[in-house]
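Worksheet: the structure to be examined is printed underneath.
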Amino acid sequence: MVSIRSRRQGKSLVWLDRTLAVIFVVLFYEFWWKDRISGGIGSSFDDYSLLQQRVCAQNKGIVVVNFLDYLGYNLLQIGFARRIAEDLCWDVVTYRSMWKPGFGPDEEKCFSNALTPPLSSESLSPELFKEIGMNDALWSALNDHPMELGEAYEPQNLMVKEWSKGLEAEGKAWRCVTALCDFSEEAIQQQIAKIRSKDSTIRVVYLEDFFLHYEWMDQWRSHLRNWFSTNKEADSSCCSQVPPEDAVVIHVHTGSESEPIDGKLEDLKVGVEQYAKLVSKYHGKKKSVWIVCNAATFQSQYVKDLSIQLGGTNVVVPKSASDTVCILSKAKEGLFVTPNHILSMVGGLLSNAAEVHYLTPNTETRFGLNVTDWKYHVVENEKLKYWNVRHKNLAFLTPW
């Protein structure tokens, strides 16, 4: 017969086993599974926000961002401005000091989540309006977005710049301008903590840079995807086509965003056979392939050879820059971005593709973005090598 003592010991062991099982499940969820369901690659912001609740600045202010260059850079500029504004609970004001066909009314329709509702001068408190030296002429200069800037607009542009410099001299503005900012998360958080302080005199954050630094994006990828999700209902030119889920998308672009008709193919130094090798290695030979290219590249021998090398492909010419971003961001299986092409890299950042590839012709080409979950491939002496971006040094090239 089993003694009463043995039975009690058995029950104690069962209770202990159940307790340990519960502890294991809790730890499993907290330290692994929660990260998996929070949004996948590049979406650690969800965990970050749970650990650190947003604390608004004690004083009200505005974030002013200057649109420089084309749409790709403009999206990064909006992204960084909103990243700062979200932590301060401030509003964003955009203006354009450089004429480029970038983020305009059509793009605002396509990316309807990109900007917060337009801020009016009436919505600013009279105290803040006065404290930051705002007047009707300055407010007009900030909010007019002429798409054809010329000498007539230069006085307004100069007015905005001098205003921001004057506020900085008075300790009322933080100016993050080209080559003068530290984009590490630690440095940004320290700056935000200073502005949040009740004793802070800063009321304006003035941003003027291209913000091509992955450090600030890393914990905000899921938010960037939300802000720049394409409104397909606005216009067919916003998102004309969506690749199948099993398609490998290859973006091939020559020239600049402002010159869609450009016959020069000097940027395309990567042999078509290199693309074929990578597609086969990472995605298998049976995957469908989409080549997305601008109008000039569409007629090139390069695209024809690439299509033949890959066994017949669907070649797509987007209707607009916004359309390019949308098509690339919808890639699921795999995406090859055009090296050093900002719009292409933005599409890669917004993509949830299982693999994003950056294929560059040589080690002399600088990488535009060092994204930790992308695969970087370098062609050296006609041989493919893999670069681990975490090493930050091109000496670490691994043949495969």
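Observations on the structure shown:
- Note on Ser197 and Val177: with the Förster distance fixed at 25 Å, the Cβ-Cβ geometry gives a FRET efficiency of about 0.65.
- The residues Met134, Met159, sorted by heavy-atom accessible surface at 1.4 Å with ligands and nucleic acids left out, run Met159, Met134 from largest to smallest.
- Across the cross-link table entries Lys109/Lys130; Lys109/Lys172; Lys60/Lys232; Lys277/Lys304, which are compared at the Cα atoms, the separations over 29 Å belong to Lys109/Lys130; Lys109/Lys172; Lys60/Lys232.
- Segment Lys383-Glu186, length gained on full extension (0.36 nm per residue, minus Cα span): 67.0 nm
- Here the calculated FRET efficiency for Asn370 and Tyr282, from their Cβ-Cβ distance with R0 = 35 Å, stands at 0.95, rounded to the nearest 0.05.
- Three-way shape label, segment 59-137, alpha-carbon gyration tensor, a/c 1.5: prolate
- Computed label-point distance, nm, for sites Lys232 and Glu215 using a 7 Å Cα→Cβ extension: 3.8 nm
- Added length on full extension, which subtracts the Cα-Cα distance from 0.36 nm per residue, Cys89 to Asn314: 76.5 nm
- In Å², nearest 10: area of Ser300 left accessible to a 1.4 Å probe: 10 Å²
The values are calculated or read from the model by the stated rules, or taken from the named source; none is laboratory data. These figures come from a predicted structure and were not determined experimentally. For neighbour counting, all protein chains shown are included, and Cβ atoms are generated from backbone atoms with ideal geometry for every residue, glycine included. Heavy atoms of the whole protein, side chains included, go into the accessibility calculation; ligands, DNA and RNA do not. Shrake-Rupley method; radii C 1.70, N 1.55, O 1.52, S 1.80 Å.
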